[in-house]
1. Please go through segment 67-93 and pick out each residue that is loosely packed, with under 14 Cβ neighbours inside 10 Å, within 25 Å of Asp143 (Cβ to Cβ) and out of contact with any Asp or Glu (no Cβ under 6 Å at 6 or more places or on another chain).
2. Quick check on my filter: what residues within segment 4-37 are β-branched (Val, Ile, Thr) and surrounded by 19 or more Cβ atoms within 10 Å (Cβ to Cβ)?
3. What pairs come out if I take residues in segment 1-27 that are touching a residue at least 24 places away in the same chain (Cβ under 8 Å) and pair them with residues that are assigned to a strand (DSSP E or B) and aliphatic (A, V, I, L, M) whose C-beta lies under 6 Å away, six or more apart or interchain?
4. Does Asn45 satisfy the criteria of being at pLDDT 95 or above and within 15 Å of the chain's Cα centre (by Cα)?
5. Here are some conditions: (1) farther than 24 Å from Ile20 by Cα; (2) among the aliphatic types (A, V, I, L, M); (3) part of a helix (DSSP H, G or I). Val114 meets all but one. Which one does it not meet?
6. In this structure, is Val69 closer than 16 Å to Val28 by Cβ and part of a loop (DSSP other than H, G, I, E, B)?
7. Quick test for you: out of Thr78, Thr91, Thr50, pick the one residue that is over 18 Å from Leu127 (Cα atoms), polar (S, T, N, Q) and touching a residue at least 40 places away in the same chain (Cβ under 8 Å).
8. So which of Val104, Val27 is touching a strand residue (DSSP E or B) at 6+ places or on another chain (Cβ under 8 Å) and among the aliphatic types (A, V, I, L, M)?
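The values are calculated or read from the model by the stated rules, or taken from the named source; none is laboratory data. Here the structure is a predicted model, which means the values were calculated and not measured. Here the Cβ is made from the backbone with ideal geometry for all residues, glycine too, and neighbour counts use every protein chain on show.
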Amino acid sequence: MKRIASFEVDHDKLQKGLYISRVDGDVVTYDIRMKKPNGGDYLANGTMHTLEHLIATYVRNSRWADAVVYAGPMGCRTGFYLLLRDSVNHTQALELIRSAFTFVAGFEGAIPGVSRRECGNYLEHNLCGAKATAADMLEVLQDWTEEKMDYDA
């Protein structure tokens, strides 16, 4: 079998940040790396689940909602993928991701889609963890630029 592109990335060198993972036709996959791979510190399930609900809700209600294909966690629990149509350029994607983390870091109230009827694991959420992770990522991405989105940059 052919190796998939994400397995070609040297995860021992990868740091927290935002990267362009791949481009498939008109869809760009962004790697939102929230934890250093193989660093022993991973997104806890409840934190990751709450981040998923809040980030997905935010981006699907943003001005780029029509370009959002997918927003969700990586199985390794070190980050998320955001898939956007290429009608959103890389600088706009960075802006969207920063604003999503700003939304999460300041979020108060009921987590969207968290009732038993709406969610397959409605009891496993951690808003405090999601907010702390979002605040951390805002610091990481504060001076991030499009030039830094290359895995080898």
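1. Asn89
2. Val28, Ile32
3. Hits for this filter: Leu18/Ile32; Val27/Val69; Val27/Leu83.
4. yes
5. It fails just one condition, (3).
6. no
7. Thr91
8. After applying the criteria, what remains is Val27.
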